[in-house]
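These notes concern the structure reproduced below.
The values are calculated or read from the model by the stated rules, or taken from the named source; none is laboratory data. Just so you know, these numbers come straight off a predicted model, no measurement behind them. Counting neighbours? That spans all protein chains shown, and the Cβs are built from the backbone with ideal geometry, glycine included.
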Amino acid sequence: MNKVNDKNTELKSIYEDVMLPNYAPANFIPDRAQGSRVWDKNNKEYIDMGGGIAVNSLGHSNPLLIRALNEQSNKIWHTSNYISNEPAIDLAKKLTELTFAKKVYFSNSGSEANEAAIKMARKYHHDKGDPRDEIISFENSFHGRSILNISIGGSDIHKKGFEPLISGVKHAKFNDINSVKQLISKKTAAIIVEPVQGEAGIYEADKNFLESLRELCNKQGTILIM
């Protein structure tokens, strides 16, 4: 590719000038995509193995999703949390029918969902007249990049330079229920665990470990966040 006509290089140069480098993006700029295939600004083809960090599970430019987006865009766009909307109500109803959940909370990201879960856990204990503030998480865990989430996360690489972090967080060993029992107390508001640790390298939680966590939380009156 002639560098004079290399749109990837040109756009990457602009990116470095005008965008905050909080991530290290790939050395190409996507131009279009279909299914699992992506083409960059120079028309080079790639296979998308990430799916937008698992967001695009139905593939790019899925015709059913495009139809739904077009239909909704011709009705109403954003309403904020001050006004509900029919699609959200329909989805929440389906989720409560198909899962254990009795209530549904929609958020913009995993970080925001975890922030809300920790807040709800502390508020739950506060409203019961049993204020608790401690959180137990696990070594090598990842929960997001906000201050709270890097505090409960178990990787030091995400914490360096952002201290002081949120207090009251303890880290147990993953898949080791005895290490959790050594940390849990009457001040423990919640235990947060990933059924699969992805950032750490795809480590699955044992079924017996998760069941033991559930039993321990029930015994201690602690919220279990998964």
Task: Where Ser80 falls short, out of the listed (1) at positive phi; (2) assigned by TED's automatic domain parsing to the domain that holds Gly201 - done: (2)
Task: Residue under evaluation Asn85, criteria (1) of a type in the set (S, T, N, Q); (2) closer than 14 Å to Phe106 by Cβ; (3) at pLDDT below 90, criterion not met - done: (3)
